[in-house]
1. Given 0.36 nm per residue, what is the gain on full extension from residue 64 to residue 35 after removing their alpha carbon distance, in nm?
2. How large is the Kirkwood hydrodynamic radius of region 1-40, in angstrom, based on all distinct alpha carbon pairs?
3. Helix-only estimate, please: 222 nm mean residue ellipticity of the chain, summing -39500 (n - 2.57) across DSSP H runs of length 4 or more and dividing by its residues, to the nearest 500.
4. Taking the beta-carbon count within 10 Å as an exposure proxy, list 7, 110 from fewest neighbours to most.
5. So what's Rg/Rh here for the chain, counting alpha carbon atoms and using the Kirkwood radius for Rh?
6. Taking R0 as 22 Å, what FRET efficiency do you get between residue 86 and residue 1 from their Cβ-Cβ distance, rounded to the nearest 0.05?
7. Give me 3, 131, 104 sorted ascending by neighbouring Cβ count inside 10 Å, so fewest comes first.
8. Tell me, 119, 43 in order of fewest to most beta-carbon neighbours within 10 Å?
């Protein structure tokens with residue numbers, strides 16, 4: 001089961017990243033060109049949000065149930081000295097949780113906005129920040 005979850009975590013990450021990048025670029029373009037916020041824009045952002053939350057849920061299940069967590073039982077000083085352990089035990093989960101929170105805030109704020117430019121701005125800025133944070137903490141050596 002753990003291997004299946006790891007594969008799902010990797011494949012959904014590709015989809016989530018693509019959707020986040022496309023939604024961010026779409027929002028930035030929509031904001032800069034003063035486009036009207038349409039249903040397609042909302043759906044694109046919603047799918048990015050859904051895939052991001054799904055990715056987080058699978059990641060949390062893996063974090064608390066994988067065999068790798070057994071290595072996290074080392075003293076915190078030992079984990080902090082080892083770059084790989086630190087990435088998997090602390091940096092990757094913490095930064096990605098913050099990224100999902102930012103993305104969720106951007107989605108929630110856009111619903112309260114009344115103008116299209118404000119909606120695009122909320123999604124564009126927060127989704128882009130979340131995407132940058134996610135990209136910064138991907139374990140590239142294990143992922144590619």
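1. On the way: separation 29, 0.36 × 29 = 10.44 nm, distance 4.37 nm.
Answer, rounded to one decimal: 6.1 nm.
2. Numbers: mean 1/r = 0.0834 Å⁻¹.
So the Kirkwood estimate lands at 12.0 Å.
3. Numbers: 7 runs with 114 residues, N = 144.
Computed ellipticity for the chain at 222 nm equals -26500 deg cm²/dmol.
4. Values: 7 10, 110 22.
Lowest count first: 7, 110.
5. Details: Rg = 16.9 Å, Rh = 16.1 Å.
Expressed as Rg/Rh, it is 1.06.
6. On the way: r = 26 Å, r/R0 = 1.20.
Approximately 0.25, to the nearest 0.05.
7. Values: 3 8, 131 23, 104 16.
Ascending Cβ contact count within 10 Å gives the list 3, 104, 131.
8. Values: 119 24, 43 11.
By the 10 Å Cβ count, ascending: 43, 119.
Only the coordinates and a few stated rules stand behind these numbers; no lab work does. Being a predicted model, the structure only gives us computed values, none of them experimental. Quick reminder, even Gly has a Cβ in these numbers, built from the backbone with ideal geometry, and neighbours come from all protein chains shown.
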